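Take a look at the structure below.
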Amino acid sequence: MNFNSKVIHGGISEDEFTGAVNVPIYQTSTYHQKVLGGGPKWEYSRTGNPTRAALESLIADLEEGTAGFAFGSGMAGIHTVFATFEPGSHFIIGNDVYGGTFRLVNTVLKPAGYTFTEVDTADLAAVESAMQPNTRGVYLESPSNPLLHVSDIAAVAEVAHRYGAKLIVDNTFATPYNQNPLPLGADIVLHSATKYLNGHSDVVAGLVVVKTDEDAEKMGFFQNTIGGVLGPQDSFLVQRGIKTLGVRMRAHNENTHAVYEYLANNDKVAKIFYPGHPGTEDHEVAKKQMRGFGGMLSFELQPGLSAKTFVESTKLFALAESLGGIESLIEVPAVMTHGSIPREIRLQNGIADELIRISVGVEDIEDLLADLAQAFAKL
Ligand SMILES: *Cc1c(COP(=O)(O)O)cnc(C)c1O
């Protein structure tokens, strides 16, 4: 099946009990076991729930893995993935991963006995030289946030595997419409389904997909044991959101490319960060592993122009954190999403005070460009 059919008919797409074309919301915590010790399929909803199972099988299909797991948030999924590794394990982690992932690493995982080396995962030599005898995993986001740097997933997987480590990829920004890390060589792929997968800015959820039966069994055990599972109502909403992922992502990709072209021809713009930006290293790698360049783009204004004035002037682009919904959003990472990173480190990582990040929605492109134009006119 091709992508737009798969999002609708993949995984478990109808109710096995009634034939309803949507898997219903099985709002139940427990199940009537007709025979003592009979081992029914469903016994308790932390362990398994039919609505959640439908979503889990769908994301496994879309990411071409063996099993999917749904969590109450992206962070709950990420924490559970790390928990499957033994304390004392060392990880190499991208130096521009999501702020909440940094906080998890620094305030929860390091005190629990895990160790980390932060590197630019787009730099293969840097990844290889950070390898230690106890390195068990490499964790990266591609494209990354907010600078949209692209790591060569197949090449990093090759290095990781050579050292007996697993490659874990946060595929939130790309989505399975634009990129599939598992066939490229990654071992575990995860999502903040809060963003594009659900796509309507009305649910917080996380999804994890693994490649091997061994990892599937392990993840299932840890998901059930730690218990950060997604409820049936939200599982239903995320599955409903995913049904339109293909048409939404096509619109996100197209609109963002049009915004890129508009900004590239605007003399008030100094720099653009976008995987579809020709002439950059990121673009060369992106072309190899992505089918589209996604809905995120960051840019810097010419020195002296105020990012504050700009982001306060847009009307369709709402000044807000988060991303990946159908509506366009705009923000200043230094003040908002990345405000918790010390300024010195932030600047070192290339995130300027005046950097503007936009999540381009699926509104009509003429309206989005007109909104940007009137905001530029205020500068
Ligand atoms: C939002 C986000 C997360 C965290 O997900 P939540 O659903 O907010 O817990 C992780 N990774 C990336 C890239 C994100 O954008």
Task: Selection count, the range 202-226, where residues are within 12 Å of the ligand (Cβ to nearest atom), under 22 Å from Ile8 (Cβ atoms) and under 14 Å from the mean Cα position of the chain (by Cα) - done: 2
TODO: Within the range 153-177, work out how many residues are surrounded by fewer than 24 Cβ atoms within 10 Å (Cβ to Cβ) and within 17 Å of His283 (Cα to Cα).
DONE: 2
Open item on the list: Where the second residue is surrounded by 16 or more Cβ atoms within 10 Å (Cβ to Cβ) and aromatic (Phe, Trp, Tyr) and the first is under 15 Å from Leu301 (Cα atoms) and lies in the range 311-337, which pairs have Cβ atoms under 6 Å and are six or more apart or on separate chains?
Closed with: Ile330/Phe317
TODO: Scan the range 72-84 and give yes if some residue there is of a type in the set (Gly, Ala, Ser), closer than 19 Å to Ala174 by Cα, surrounded by 20 or more Cβ atoms within 10 Å (Cβ to Cβ) and away from the ligand (no atom under 16 Å from the Cβ), otherwise no.
DONE: no
Open item on the list: It is to be established whether one or more residues within the range 27-36 are assigned to a loop (DSSP other than H, G, I, E, B), hydrophobic (A, V, I, L, M, F, W, C), in the same structural domain as Met219 (by the TED database) and surrounded by 15 or more Cβ atoms within 10 Å (Cβ to Cβ).
Closed with: no
Task: Checklist (1) touching a helix residue (DSSP H, G or I) at 6+ places or on another chain (Cβ under 6 Å); (2) more than 17 Å from Ser235 (Cα to Cα) applied to Asn106, failing item - done: (1)
Open item on the list: Based on this model, can you work out whether Gly220 counts as more than 14 Å from Gly72 (Cα to Cα) and either out of contact with any Gly (no Cβ under 6 Å at 6 or more places or on another chain) or modelled with pLDDT of 95 or more (or both)?
Closed with: yes
TODO: Kindly provide the set of residues from the range 362-373 that are in contact with a helix residue (DSSP H, G or I) (Cβ under 7 Å, 6 or more places away or on another chain) and not β-branched (Val, Ile, Thr), ordered by number.
DONE: Leu368, Leu369, Leu372
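How many of the residues making up the range 169-185 are within 15 Å of the ligand (Cβ to nearest atom) and either in contact with a helix residue (DSSP H, G or I) (Cβ under 6 Å, 6 or more places away or on another chain) or of a type in the set (S, T, N, Q) (or both)?
Total meeting the criteria: 8.
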- [ ] Only residues that are away from the ligand (no atom under 15 Å from the Cβ) and either among the hydroxyl-bearing types (Ser, Thr, Tyr) or on the phi < 0 side of the Ramachandran plot (or both): list them for the range 85-105, please.
- [x] Phe85, Glu86, Pro87, Ser89, His90, Phe91, Ile92
Open item on the list: Test of understanding: among Thr280, Thr212, Thr225, which residue is surrounded by fewer than 20 Cβ atoms within 10 Å (Cβ to Cβ), of a type in the set (Ser, Thr, Tyr) and within 30 Å of Gln27 (Cα to Cα)?
Closed with: Thr225
Task: Leading residue by the ranking (farthest from Lys315 (Cα to Cα)) among those in the range 331-362 that are within 18 Å of the chain's Cα centre (by Cα) and among the β-branched types (Val, Ile, Thr) - done: Thr337
Task: Residue list for the range 264-300, filter: within 22 Å of Ala155 (Cβ to Cβ) and either small (Gly, Ala, Ser) or in the same structural domain as Tyr196 (by the TED database) (or both) - done: Gly276, Gly279, Ala286, Gly292, Gly294
Open item on the list: Given (1) closer than 30 Å to Gly185 by Cβ; (2) surrounded by fewer than 20 Cβ atoms within 10 Å (Cβ to Cβ); (3) charged (D, E, K, R), identify the lone condition not met by Glu56.
Closed with: (2)
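The values are calculated or read from the model by the stated rules, or taken from the named source; none is laboratory data. Being a predicted model, the structure only gives us computed values, none of them experimental. Heads up, the Cβs are rebuilt from the backbone with ideal geometry, glycines too, and the neighbour counts pull from every protein chain shown.
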